[in-house]
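What follows is calculated from the coordinates using simple rules that are stated; it is not laboratory data. Worth saying up front: this structure is predicted, and the values here are computed from it rather than measured. Please note: Cβ atoms are built from the backbone with ideal geometry, for glycine as well, and neighbour counts cover all protein chains shown.
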Amino acid sequence: MSEKLSISYHTAKRILLELLEDNDFSTDEDILKILGSVVQKETREPDGDEYSLSRIIIDKEGRVFLPDYSSMEIKMPYLPKTVFIFFLIHDEGIEFKSMYNYVHELYEIYQVVALEKNTEANKIKRSLDNLVEPVNNRIYETCSIIRRNFSVVIPEPLMEMYCITGKRGEKHQIKIDRSLIRIENAKLKGMFDTLNSI
């Protein structure tokens, strides 16, 4: 019974809600104890020290993990994952309107994260050209997808540390301390080390 099932947060939530609706757990002492401790934790006022930051690990296949919050991979489509890794690499921050200057670098990252799919080069290029086009909102939609995928495991008060933030027209960046990032993919690590050693 020590092995944990690997199911998504949303699936677990749905199952739990169905169980609570369809069954009377009001006499089960174990369940009441757990529910009581959850309610206590939720109602306690967080003092800021209650939450600690997780490391970010990008493995050899370009998969994203926050091991101090969850053992499950933070799954997201290739384009949002590419953008997330791009901003992790660029500690200094980048203005969205100047991202067209980095299309080649975005392409290199996309190739790593989409390796197993062997996506057609022209399709990647069209997707990236659309992303960096200053007149559309594709980059904001992409940042929204990243935030939504991270919200499954990151405590709400710490979301700003892991997501791409910034004011419109100014530099956007991921605020997390770079000492918490470990990149195992050789190509991505080379890009990260080059930019973060300057």
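Some values worked out for this structure:
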{"read-out": "Cα centroid separation - region 52-124 against region 141-164, whole Å", "value": "14 Å"}
{"read-out": "Square roots of five times the Cα gyration tensor eigenvalues for region 72-196, Å", "value": "20, 18, 15"}
{"read-out": "Distance (nanometres) between label positions extended 7 Å along Cα→Cβ at residue 72 and residue 194", "value": "3.6 nm"}
{"read-out": "Per-selection Rg to Rh, region 133-193 - Cα, Kirkwood hydrodynamic radius", "value": "1.01"}
